[in-house]
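Below is one structure; the comments refer to it alone.
The values are calculated or read from the model by the stated rules, or taken from the named source; none is laboratory data. Predicted model only: the values in this text are computed from it and were never measured. A quick note on method: Cβ atoms are made from the backbone with ideal geometry, for glycine too, and the neighbour counts reach across all protein chains shown.
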């Protein structure tokens, strides 16, 4: 699989070659524009595809023949839906992973404690989850992630080791912040799209049809549609022969530093 350094090296070599050819033989400058567009497209693909490992190694599933899957939730804790989701998980005896936003922890400390006390793991999903997070400097990104660490450690006495990028977007600055903080980047290979799909039946059908051994499913505990289908999803997954295990167990990772 091609990475950022490899793509950039190929681009530089091709650019030098084209400059040489143009010097001796001449051709339209559109060729340079096409090369630049292709390079930009490759960077965009690598940035927005969390499973590409383009900038940073990301663990998005388990390589296993066993019919095991893990459920993860992003963007909480949230008073509106997280408590009900926790109740459903408790009723079905399922342990999940919650990638939380630090600023929401400050408003919901008791809820984060409940997530922890009920046996789920908690990961870092940034402190701000800012709309412009991807444009932050590496220093500002690192400080943001450390703020999330600090508020979580203050609340439950645990410092997260697992990190999921806001919006699933990666870039060279984020890679530096991840390396500096010694995080393990975790993605997914089944994105429910529960923030977009509002029809519960369509969402349930979409997610169950995508199940495969070793899958990591991405939901949001800020989504009513997820709340509406979660119980049925767990039942259907089990009827299909899947065992739902905690994310760190599925991926064989240590969740806390």
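Residue 243 passes all but one of (1) within 20 Å of residue 49 (Cα to Cα); (2) in contact with a strand residue (DSSP E or B) (Cβ under 8 Å, 6 or more places away or on another chain); (3) surrounded by fewer than 18 Cβ atoms within 10 Å (Cβ to Cβ); which number fails? Going through the list (1) within 20 Å of residue 49 (Cα to Cα); (2) in contact with a strand residue (DSSP E or B) (Cβ under 8 Å, 6 or more places away or on another chain); (3) surrounded by fewer than 18 Cβ atoms within 10 Å (Cβ to Cβ), residue 243 breaks only (1).
Per-residue answers, yes or no, for (1) under 23 Å from residue 79 (Cα atoms); (2) surrounded by fewer than 19 Cβ atoms within 10 Å (Cβ to Cβ); (3) in contact with a helix residue (DSSP H, G or I) (Cβ under 9 Å, 6 or more places away or on another chain):
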| site | (1), (2), (3) |
| --- | --- |
| 141 | no, no, yes |
| 153 | yes, yes, no |
| 167 | yes, yes, yes |
| 178 | no, no, yes |
| 183 | no, no, yes |
| 190 | no, no, yes |
| 194 | yes, no, yes |
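When the range 122-136 is filtered for residues that are more than 15 Å from the chain's Cα centre (by Cα) and more than 16 Å from residue 170 (Cβ to Cβ), the ones remaining, listed by number, are 128, 131. Take the conditions (1) outside any helix (DSSP H, G or I); (2) out of contact with any helix residue (DSSP H, G or I) (no Cβ under 6 Å at 6 or more places or on another chain); (3) touching a residue at least 24 places away in the same chain (Cβ under 8 Å); (4) over 21 Å from residue 160 (Cβ atoms); residue 73 misses just one of them, which is (4). Of the helices (runs of 4 or more DSSP H) contained entirely in the range 115-212, not one carries at least 2 residues that are outside the structural domain of residue 89 (by TED's automatic domain parsing) and modelled with pLDDT of 95 or more. For the range 18-60, the set of residues classified as assigned to a loop (DSSP other than H, G, I, E, B) and either surrounded by fewer than 19 Cβ atoms within 10 Å (Cβ to Cβ) or more than 27 Å from the chain's Cα centre (by Cα) (or both) consists of 25, 26, 27, 28, 29, 49, 57, listed by residue number.
Among residues of the range 1-22 that are under 27 Å from residue 50 (Cβ atoms), those with a Cβ under 8 angstrom from a residue that is outside any helix (DSSP H, G or I) and at pLDDT 85 or above, sequence gap 6+ or separate chain, pair up as 1/53; 2/54; 3/53; 3/54; 3/55; 4/54; 4/55; 7/54.
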